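Each remark here refers to the structure printed beneath this line.
Coordinate-derived values only; no laboratory data. Note that the structure is predicted; figures quoted are calculated from it, not measured. FYI the Cβ positions are ideal-geometry reconstructions off the backbone, even for glycines, and counts take in every protein chain you see.
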Amino acid sequence: MPSPPFIDRESGELDLGQIRAEAFPVAGLVVLFGALALLPFLLTLLVSSNRLLAGFFTLVSQFVIAVGVGVVLLYVVARGIQLADG
C-alpha cells in the first residue's frame, strides 16, 4: 500500500525533503509571474500623467497576474494528481 504524499514511509512523519522539492517550483512560478506583472505596473508609475496609458498598463498588469494564478493552480492540480497516482 503506497504512503500518502509528504509522509515518510518508515517514520510516519512529514517528509520535509519532499515538501521542499514540491514547494520550490510553485514558488518559482509565483515569483516569475509576480516579476512579469511588476514590469507593466512600473510603467504605470512612469506614465501616471497620461491616465489612458496608465489605465492600459494597469489592465495588462492585472491580466498577467490572472494568467499567473491560473498557471499556478493548473500546475498544483496536475502535480497533485501525479502524486496521488504514485
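Within 10 Å of each candidate Cβ there may be at most 11 other Cβ atoms; applying that plus a DSSP loop requirement, which GluC sites (Glu not before Pro) in segment 2-57 survive? Could the numbers behind the result be given before it?
Values: sites: 10, 13, 22; in loops: 10, 13.
Those satisfying the criteria are 10, 13.
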_Please list, by residue number, every one of the trypsin sites (Lys or Arg not before Pro) in segment 2-61 that is coil in DSSP and has at most 10 other beta-carbon atoms within 10 Å._
9
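Can you compute the FRET efficiency between residue 41 and residue 8 using 1/(1 + (r/R0)^6), with r the Cβ-Cβ distance and R0 = 35 Å? Round to the nearest 0.05.
Numbers: r = 42 Å, r/R0 = 1.21.
The calculated FRET efficiency here is 0.25.
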*So if R0 is 25 Å, what FRET efficiency would residue 63 and residue 27 give, r being the distance between their Cβ atoms, rounded to the nearest 0.05?*
0.70
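Sum -39500 (n - 2.57) across every DSSP H segment of at least 4 residues in the chain, then divide by the residue count to get the 222 nm mean residue ellipticity, nearest 500.
Values: 2 runs with 66 residues, N = 86.
So the calculated ellipticity at 222 nm is -28000 deg cm²/dmol.
Mind giving me the FRET efficiency for residue 82 and residue 52? R0 is 30 Å, r the Cβ-Cβ distance, nearest 0.05 is fine. Intermediate results must be reported in sequence, preceding the final value.
Details: r = 45 Å, r/R0 = 1.51.
After rounding to 0.05, the efficiency reads 0.10.
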*Would you mind checking the tilt of helix 16-46 against the longest principal axis of the Cα atoms of the chain, expressed as 0 to 90 degrees and rounded to 10?*
0
*asked:* What is the angle, in °, between the Cα long axis of helix 51-85 and the longest principal axis of the Cα atoms in the chain? Nearest 10 is fine, range 0 to 90.
replied: 10
*[x] -0.44, -0.73; [y] -0.84, -0.97; [z] -0.62, -0.80: which one is log10 I(q)/I(0) by the Debye sum over Cα atoms at q = 0.14, 0.18 Å⁻¹ as calculated from this entry?*
[z]
